[in-house]
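Visitor: Quick one: the structure is below, questions incoming.
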Amino acid sequence: MNKEYELIDQLFDELFPITRSITGEGVRKTISILKKYIPLEMFSVKTGTKVFDWEIPKEWVIREAWIKDEEGNEIVNMKNHNLHVLNYSIPVNKKMSLEELKPFIHTIPHLPEAIPYVTSYYKERWGFCMSYNQFKSLKQGIYHVFIDSELKNGELNYAHAILPGKSDKEILISTYICHPSMANNELSGPLVAAFLYNRLKKWKERNFTYRFVFVPETIGSIAYLHRFGEHLRKHVYSGFVLTCLGGKNYPLSFKRSRNKNAPINKIVDYLMSTGEMDIVVRPFTPINGSDERQYCSPGFNLPIGQFARMVYGQYDGYHNSLDTKEVMTIEKIVDSIDEIERILKIQEWNGYYVNVNPFGEVKLDKHGLYPDMNTPLNRDASTNFKRDQRKQLNVILTLLNYSDGEHSLLDIAEISGYCFHDFVDVIQLLKRKGLLEGPYYEKRSLSV
Amino acid sequence: MNKEYELIDQLFDELFPITRSITGEGVRKTISILKKYIPLEMFSVKTGTKVFDWEIPKEWVIREAWIKDEEGNEIVNMKNHNLHVLNYSIPVNKKMSLEELKPFIHTIPHLPEAIPYVTSYYKERWGFCMSYNQFKSLKQGIYHVFIDSELKNGELNYAHAILPGKSDKEILISTYICHPSMANNELSGPLVAAFLYNRLKKWKERNFTYRFVFVPETIGSIAYLHRFGEHLRKHVYSGFVLTCLGGKNYPLSFKRSRNKNAPINKIVDYLMSTGEMDIVVRPFTPINGSDERQYCSPGFNLPIGQFARMVYGQYDGYHNSLDTKEVMTIEKIVDSIDEIERILKIQEWNGYYVNVNPFGEVKLDKHGLYPDMNTPLNRDASTNFKRDQRKQLNVILTLLNYSDGEHSLLDIAEISGYCFHDFVDVIQLLKRKGLLEGPYYEKRSLSV
Amino acid sequence: MNKEYELIDQLFDELFPITRSITGEGVRKTISILKKYIPLEMFSVKTGTKVFDWEIPKEWVIREAWIKDEEGNEIVNMKNHNLHVLNYSIPVNKKMSLEELKPFIHTIPHLPEAIPYVTSYYKERWGFCMSYNQFKSLKQGIYHVFIDSELKNGELNYAHAILPGKSDKEILISTYICHPSMANNELSGPLVAAFLYNRLKKWKERNFTYRFVFVPETIGSIAYLHRFGEHLRKHVYSGFVLTCLGGKNYPLSFKRSRNKNAPINKIVDYLMSTGEMDIVVRPFTPINGSDERQYCSPGFNLPIGQFARMVYGQYDGYHNSLDTKEVMTIEKIVDSIDEIERILKIQEWNGYYVNVNPFGEVKLDKHGLYPDMNTPLNRDASTNFKRDQRKQLNVILTLLNYSDGEHSLLDIAEISGYCFHDFVDVIQLLKRKGLLEGPYYEKRSLSV
């Protein structure tokens, strides 16, 4: 249990109890807690603002919500679990019979212990959620339902933090902050994003600029695109949405970008097909998912995928009170951070390289990279000093031959069968010796 | 047996007895009968006219043709079957021994009941055709052969009818009218063409203009291309030749266009590979076939395929008297019309569509296309009122996401796995709601 | 045993004994002997000249090299086998104990009969090579080692011969002349090159110009590229390096060009995949091989492959005294010449053809290429006189239809399933009749 693990665990406990929704105090409080870990800048958009085909809704204020029976016993109270109140509920204060009340109570009969997560953002309603077991135990009688809430003109909030790199080409990493107390969906996303930020901050150098975005799902990313879409279209090289990144015994899972040529698609396909990482690939679909549906809408078509692990809709706790820290686990959050950091490093290396001496072979012995005698007995030597089945030498010859500005490092790995990892040391060695330039992130011709 | 069936049957009986050839009265009579069913315009080209590497031949007039034995008994007479006379025969009036006669008599030894169909368009000859059984029964003696025919300067005739649509992009549908009394090859072609015309005429709207062409095979399509080739090269979007479209127990069969990107190739490949239609695909070849050999000659390379059923050269009756209405069947003519009409409808739908609101998702609940509450229990609802495993909603999301002007409807069907049919209702729904434009038949960028 | 076989055998015997290295008298003597068979022009480059990342080394003069024991008995003498002296050895004249001597003696313990071939071009060393068996039998005592050699300012030599054709597009055929007495590697290469030259010289016509290059390996091809690289980049259409072309029971083996679109790649792939030739294909790699590593360096990327048979590094005799004429065999040299000549002929035919009458089909009967009567009984006749299952006719129809300037003959063979050979006679026939033009070696549109 290292320092990072402890910090993640602590952040989880701070964020979990907050009653988030797509607008309101919950989002702002979440952002302000996150600021202790990542230097977020917060933005707001006023209620009623048109954002493409959508409009910023009223801000939801929720103060109290309970049902009592005739004797004044509390049946449910959102103080005990914030899922008990239908998210975006309008106020109510009424006494009614059980039969009158039933249509306003939401349950999951096939998961009788679970309190469902129910929302009604765009149609005014009130309602309560409870476990099916509790619902079945309700007795005839008169119930007092009370919700002290408000839908008022206010604002929608989102935030971002930008970690600069050598180039203004950007990697967009987006996650969402609008669900109340659920762990895998949604806290896993902000946890991974915040601590990934801190990993990348420690890198000695970054070729790309990294943009971390925290938005209420759907309406938040649409509002973000409304404000930053043009910039993103010009600068985003790659990226992904983070969602549902916990879950014991689940491998990392990647939803491909709609844009088939997205660099992130190629990297993950390579890692999966070579077995270099235990990762599952899902096709792109606009039918379900998270904010990649917005980033990959046809007008933007950003080269954005999505990482998950225990995927939305595919586990019992999805959108109900069974989605807990025990199911998510902090260990798996750390695994997700590790794996995604590794993918981001590969993405940094995966550019186009240029052999500085492209005419004929480089005279490698001049640089101590070739044996100075040729005998049948040194056929397994890379240099006078390196008897490694000629591995280093072969990787150097391969890299120099294909470093023509038109083959990406992934292309070279695929052509040659060497794994990505084999090239990294050799790239650094050749760059130190002035024999190689790159990575560049666009093809270039050898100057002839 | 509906009205259409009866009309096809009646047209068959009118056309069957005519002694057609590549020129002459037979072609003109055929066109004039067809005019009762389809408003054909007839064209003529004078004997001797150069058409590309060819020349319009003399017009064939045939009045009488018979062989009599010494006693004056008729051995054969073209009044009984017009295949008895070699097509394009020059006149003859001679008495000769059986041995002298034999070289002028054509039979099919391996089909001893069949009278062969023999032509000699471009070399002057006379001759008779009979069954091999009859040939074997001929006795020694003197025979009187008599053919009253003429090869005179005249004209070659063809005809077309044009059914206009919203666009001047054309669908070329070509068939041939030069074979005497044979049913599958050739009457099935003109029958399907004439009644397909009447089906398309009844459509509420046509995006394309449909050009129906009736020509003598080979020389007729070459003459047609000589006159209309430039126009066709500019306007033809798709099309096909119709030939051999009858035959019990045979599925529809498509010969691919030489032009690999021909829309008709893609549609039929899709129908075949998904199993949405029982259809067989043949590769393009210039070695045999019908007028697609001319339309797909390298100088024109029109995106034209060919539909058949019981394919030329692959059934006993091919080019002989066994090719009858019983073998062809009117039922199969109707089946061919049904299937080709369906393919033409798919071709109309199969354009590029444009999502009017391409930035972020469309706010579907505004349009009654999304449930207004989100609970674990309505995950199978497309709208508040449609509990269909979310099928309509998923099709809408798929269609809107890929309606970027760069994916054809077939592309979208292939990407998504939905069948073509699933999209048709949804397209109409979205167009009514002003959310979708198209189909267009060329790619277009989203205006950004 | 024909004349050519005898000449090859005689040339082998002349060239084998010469003590070649990358510079010096051996190379010049080799070129002067080759001149009796191929009109080579010799070039020289001065010691110290910079050629890309390399520099022309000093010229090696070797006069005498031996080891004697205390009694004056010769242990080894390069007069007996020129592999006994380390290639590029500096002079030495010394008496030393066996223990002192051992580090200067090279052997191959796992091939105890073989004298290894050892070089030290770019680091000054002296040394001897002997069999491991002899090495083990050396007794304690004082040995006299004597090498009378010199590294002097001089020149590097290479040579070429150019066989002109109709076009100035060139086929580059390169082989190397720097190894002392070894047969498969290297004499097989110069032998095949010299006699291939004489085969091509006898062709009635050559569409391409053929450039035969003889260079010391690596440094020689780099020097050649330094002088002729720009010309090659502009003119080379195809080509290959010749190496290791003997070896009983080995099929011809092709190393693909780095340039995936190289015509030679396509031809060999076709021959292999159709089984028209028994040939093995190796992928391109910059890791090992011969001068194709230079011609395919990224700055040049010439469309050059490599032909071999018993491939370098894959047989016992590689780089040692077991590489003899008996292992190579003159028969296999003749086989290699036969096969490569056949490939070069295919390459000449494999251009783009143009149908002179591309609009509609050609009227083949006008040209005696079609039967003048059409009956069910002549369906297997190509013409009135050719009953060949219509093969000639079908090949003609196929060729004319695809001779649109955009399909190479290989493309047509692949589309149609006819083998390359089927087309050759028909091309000549159609050209004689003025119906076909070509081959061209670049795509062209039909003039419309």
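The values are calculated or read from the model by the stated rules, or taken from the named source; none is laboratory data. Predicted model only: the values in this text are computed from it and were never measured. All Cβ positions, glycine included, derive from the backbone under ideal geometry; neighbour counts span all protein chains shown.
Visitor: Given the conditions (1) outside any loop (DSSP other than H, G, I, E, B); (2) under 35 Å from the mean Cα position of the chain (by Cα); (3) polar (S, T, N, Q), and given that B:Asn93 satisfies all but one, which numbered condition is not satisfied?
Guide: (2)
Visitor: Regarding region A:332-355, can at least one residue be identified that is assigned to a loop (DSSP other than H, G, I, E, B), surrounded by 22 or more Cβ atoms within 10 Å (Cβ to Cβ) and touching a helix residue (DSSP H, G or I) at 6+ places or on another chain (Cβ under 9 Å)?
Guide: Yes, there is a match, as at least one residue in region A:332-355 is assigned to a loop (DSSP other than H, G, I, E, B), surrounded by 22 or more Cβ atoms within 10 Å (Cβ to Cβ) and touching a helix residue (DSSP H, G or I) at 6+ places or on another chain (Cβ under 9 Å).
Residue by residue, here is whether (1) in a loop (DSSP other than H, G, I, E, B); (2) out of contact with any helix residue (DSSP H, G or I) (no Cβ under 7 Å at 6 or more places or on another chain); (3) among the charged types (D, E, K, R) holds:
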position	(1), (2), (3)
B:Asp365	no, yes, yes
B:Ile412	no, no, no
B:Tyr418	yes, no, no
B:Asp422	no, no, yes
B:Gln428	no, yes, no
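Visitor: Another question about this same structure. Looking at region B:125-153, which of its residues are within 31 Å of the chain's Cα centre (by Cα) and within 11 Å of chain C (Cβ to nearest Cβ)?
Guide: Answer for region B:125-153, where residues must be within 31 Å of the chain's Cα centre (by Cα) and within 11 Å of chain C (Cβ to nearest Cβ): just B:Cys129.
Visitor: Looking at region C:292-324, which of its residues are more than 10 Å from every other protein chain (Cβ to nearest Cβ), in a loop (DSSP other than H, G, I, E, B) and among the aromatic types (Phe, Trp, Tyr)? Break it down into steps so the answer makes sense when it comes.
Guide: Filtering region C:292-324 down to residues more than 10 Å from every other protein chain (Cβ to nearest Cβ) leaves C:292, C:302-312, C:314-317, C:321-324.
Subsequent filtering for residues that are in a loop (DSSP other than H, G, I, E, B) retains C:302-303, C:309-312, C:314-317, C:321-324.
Passing the criteria: C:Tyr312, C:Tyr315.
Visitor: Next question, about the same structure. For region B:215-291, give me every one of the strands (runs of 3 or more DSSP E) that falls completely inside it and has 1 or more residues that are among the hydroxyl-bearing types (Ser, Thr, Tyr). Give the derivation first.
Guide: Numbers: elements: B:236-242, B:252-255, B:279-282.
Per the criteria, B:236-242, B:252-255.
Visitor: Being surrounded by fewer than 18 Cβ atoms within 10 Å (Cβ to Cβ) and not acidic (Asp, Glu) is the filter here, so list the residues in region B:419-428 that pass it.
Guide: Those that are surrounded by fewer than 18 Cβ atoms within 10 Å (Cβ to Cβ) and not acidic (Asp, Glu): B:Cys419, B:His421, B:Val424, B:Gln428.
Visitor: So the check is Cβ under 6 Å with 6+ separation or different chains; which pairs have a first residue in region C:102-130 that's outside the structural domain of C:Glu74 (by TED's automatic domain parsing) and a second one that's of a type in the set (Lys, Arg) and at pLDDT 95 or above?
Guide: As it stands, the answer is none, since no pair meets every condition given.
Visitor: Being farther than 14 Å from A:Ile279 by Cα and in contact (Cβ under 8 Å) with a residue 60 or more places away in the chain is the filter here, so list the residues in region A:248-264 that pass it. It would help to see each step written out before you state the result.
Guide: Let us first name the residues in region A:248-264 that are farther than 14 Å from A:Ile279 by Cα, namely A:248, A:257-263.
If the condition is that a residue be farther than 14 Å from A:Ile279 by Cα and in contact (Cβ under 8 Å) with a residue 60 or more places away in the chain, then A:Lys248, A:Pro263 are the ones that fit.
Visitor: Take the conditions at pLDDT 95 or above, within 30 Å of A:Tyr352 (Cα to Cα) and either more than 19 Å from the chain's Cα centre (by Cα) or in the same structural domain as C:Tyr237 (by TED's automatic domain parsing) (or both) and apply them to C:Pro303. Does it pass? If you could, list the steps in order and put the result at the bottom.
Guide: Details: at pLDDT 95 or above: yes; within 30 Å of A:Tyr352 (Cα to Cα): yes; either more than 19 Å from the chain's Cα centre (by Cα) or in the same structural domain as C:Tyr237 (by TED's automatic domain parsing) (or both): yes.
When the stated conditions are applied, C:Pro303 passes them.
Visitor: Inspect region C:352-360 for any residue being free of Cβ contacts under 8 Å to residues at least 40 places away in the same chain, closer than 30 Å to C:Tyr441 by Cβ and within 14 Å of chain B (Cβ to nearest Cβ) and give the result as yes or no. I'd like the intermediate steps shown before the answer.
Guide: Within region C:352-360, the first condition is being free of Cβ contacts under 8 Å to residues at least 40 places away in the same chain, and the residues that meet it are C:359-360.
Keeping just the survivors that are closer than 30 Å to C:Tyr441 by Cβ gives C:359-360.
Those left that are additionally within 14 Å of chain B (Cβ to nearest Cβ): C:359-360.
Checked against the condition, which is being free of Cβ contacts under 8 Å to residues at least 40 places away in the same chain, closer than 30 Å to C:Tyr441 by Cβ and within 14 Å of chain B (Cβ to nearest Cβ), region C:352-360 yields at least one hit.
Visitor: For region C:430-448: of the residues being without any contact (Cβ under 8 Å) to a residue 12 or more places away in the chain and away from every other protein chain (no Cβ under 13 Å), which is surrounded by the fewest Cβ atoms within 10 Å (Cβ to Cβ)? Reasoning before the result, please.
Guide: Here is the first cut: in region C:430-448, the residues without any contact (Cβ under 8 Å) to a residue 12 or more places away in the chain are C:431-432, C:447-448.
Of the ones still in play, those that are also away from every other protein chain (no Cβ under 13 Å) are C:431-432.
On the way: C:Lys431: 14, C:Arg432: 10.
By that ranking, first place goes to C:Arg432.
Visitor: May I pose another question? Do we have any residue at all in region C:73-85 that's touching an Asp or Glu at 6+ places or on another chain (Cβ under 8 Å), of a type in the set (A, V, I, L, M, F, W, C) and closer than 16 Å to C:Leu187 by Cα?
Guide: no
Visitor: Find all pairs meeting these conditions: Cβ atoms under 9 angstrom apart; at least six residues apart or on different chains; first residue within region A:187-199 and buried (at least 23 other Cβ atoms within 10 Å of the Cβ); second residue at pLDDT below 95.
Guide: Cβ pairs passing all conditions: none.
Visitor: Let me ask something else. Please find, within region B:379-406, the residue that is nearest to the other protein chains (Cβ to nearest Cβ) out of those that are buried (at least 20 other Cβ atoms within 10 Å of the Cβ), assigned to a strand (DSSP E or B) and under 35 Å from the mean Cα position of the chain (by Cα).
Guide: Filtering region B:379-406 for residues that are buried (at least 20 other Cβ atoms within 10 Å of the Cβ), assigned to a strand (DSSP E or B) and under 35 Å from the mean Cα position of the chain (by Cα), the one nearest to the other protein chains (Cβ to nearest Cβ) comes out as B:Asp404.
Visitor: Report yes if A:Asn288 is within 12 Å of another protein chain (Cβ to nearest Cβ), surrounded by 21 or more Cβ atoms within 10 Å (Cβ to Cβ) and over 20 Å from A:Tyr441 (Cβ atoms), otherwise no. I'd like the intermediate steps shown before the answer.
Guide: Values: within 12 Å of another protein chain (Cβ to nearest Cβ): yes; surrounded by 21 or more Cβ atoms within 10 Å (Cβ to Cβ): no; over 20 Å from A:Tyr441 (Cβ atoms): yes.
Against the criterion (within 12 Å of another protein chain (Cβ to nearest Cβ), surrounded by 21 or more Cβ atoms within 10 Å (Cβ to Cβ) and over 20 Å from A:Tyr441 (Cβ atoms)), A:Asn288 does not qualify.
Okay, residues lined up against (1) outside the structural domain of B:Tyr312 (by TED's automatic domain parsing); (2) buried (at least 24 other Cβ atoms within 10 Å of the Cβ); (3) closer than 27 Å to B:Asp53 by Cα; (4) of a type in the set (Lys, Arg):
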position	(1), (2), (3), (4)
B:Pro164	no, no, no, no
B:Ser167	no, no, no, no
B:Glu170	no, no, yes, no
B:Ile177	no, yes, yes, no
B:Pro180	no, no, yes, no
B:Lys202	no, no, no, yes
B:Arg211	no, no, yes, yes
B:Phe214	no, yes, yes, no
B:Gly220	no, yes, yes, no
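Visitor: Quick check, is A:Tyr121 surrounded by fewer than 23 Cβ atoms within 10 Å (Cβ to Cβ), farther than 13 Å from B:Pro376 by Cβ, within 14 Å of chain B (Cβ to nearest Cβ) and within 30 Å of the chain's Cα centre (by Cα)?
Guide: Values: surrounded by fewer than 23 Cβ atoms within 10 Å (Cβ to Cβ): yes; farther than 13 Å from B:Pro376 by Cβ: yes; within 14 Å of chain B (Cβ to nearest Cβ): yes; within 30 Å of the chain's Cα centre (by Cα): yes.
Against the criterion (surrounded by fewer than 23 Cβ atoms within 10 Å (Cβ to Cβ), farther than 13 Å from B:Pro376 by Cβ, within 14 Å of chain B (Cβ to nearest Cβ) and within 30 Å of the chain's Cα centre (by Cα)), A:Tyr121 qualifies.
Visitor: Okay, moving on. Do we find a residue being away from chain A (no Cβ under 13 Å), of a type in the set (S, T, N, Q) and either under 30 Å from C:Thr47 (Cα atoms) or not in a strand (DSSP E or B) (or both) anywhere in region C:100-110? So that I can check it myself, show each step before the final result.
Guide: Quick first cut of region C:100-110, residues away from chain A (no Cβ under 13 Å) only: C:100-102.
Imposing the further condition that a residue be of a type in the set (S, T, N, Q) reduces the set to none.
No, there is no match, as no residue in region C:100-110 is away from chain A (no Cβ under 13 Å), of a type in the set (S, T, N, Q) and either under 30 Å from C:Thr47 (Cα atoms) or not in a strand (DSSP E or B) (or both).
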